[in-house]
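Quick notes on the structure that follows.
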Amino acid sequence: MIYVKVDRWLCTGCGLCQGAVFEIVEGLSAVKAQFRIDGRIDEGIVGDELLPNVQRAAKACPNGGIIWRRLSGDFR
């Protein structure tokens, strides 16, 4: 499992992160609803199969506003 977080203070809304995990909500990047933790727009958990998308989005973000880390054990 992969934990993802969007720092919406750093986000410029450029949209380079959009894909399987991230979308633009109210002009800024957000974690898609199906991955959110407790409905939080800026934090989520995704499966390992989405790691390439997360890595691409994090690398594409011009301000470094997307962070991620691999979780060990059962997060939920």
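The values are calculated or read from the model by the stated rules, or taken from the named source; none is laboratory data. Every value quoted in this text rests on a predicted model; they were computed, and no experiment measured them. So basically every Cβ, Gly included, is an ideal-geometry build from the backbone, and we count neighbours across all protein chains shown. For accessibility, only protein heavy atoms count, side chains too; no ligands or nucleic acids. Shrake-Rupley method; radii C 1.70, N 1.55, O 1.52, S 1.80 Å.
Solvent-accessible area assigned to carbon and sulfur over the chain amounts to 53 percent, based on a 1.4 Å probe.
Note that region 34-42 has calculated 3J(HN,Hα) couplings of 5, 10, 5, 8, 6, x, 5, 6, 9 Hz, one per residue in order, obtained from phi through the Karplus relation 6.51 cos²θ - 1.76 cosθ + 1.60 (θ = phi - 60°); glycine and proline are x.
In this structure, the amide hydrogen of residue 37, modeled 1.01 Å from its nitrogen in the peptide plane, lies closer than 5 angstrom to those of 43, 44, 45, counting only residues at least 5 positions away or on a different chain. The angle separating the long axis of helix 51-60 from the principal Cα axis of greatest extent in the chain is about 30 degrees.
Give the shape of region 2-70 as rounded, prolate or oblate, defined through the alpha-carbon gyration tensor: a ≥ b ≥ c are the square roots of its eigenvalues, a/c under 1.5 means rounded, and otherwise the shape is prolate if a/b is larger than b/c and oblate if not. Oblate is the answer for region 2-70, as a/c is 1.5 or above yet b/c matches or exceeds a/b. Close amide H partners of residue 29, meaning residues 5 or more places away or on another chain with modelled amide H under 5 Å apart, are 13. Placing unit charges on the Cβ atoms only, positive for Lys and Arg and negative for Asp and Glu, gives region 2-70 a dipole magnitude near 160 debye about its Cα centre. Fully extending the segment from residue 16 to residue 32, taken as 0.36 nm per residue of separation minus the present Cα-Cα distance, adds 4.3 nm. Rolling a 1.4 angstrom probe over the protein heavy atoms with all chains in place gives the chain an accessible area of 59 Å² per residue. Using the rule -39500 (n - 2.57) for each DSSP H run of four or more residues, divided by the residues of the chain, the 222 nm mean residue ellipticity is -4000 deg cm²/dmol. Which Cα, out of 2, 31, 20, lies furthest along the positive dipole direction of region 2-70 (beta carbon charges, K/R +1, D/E -1)? Value: 2.
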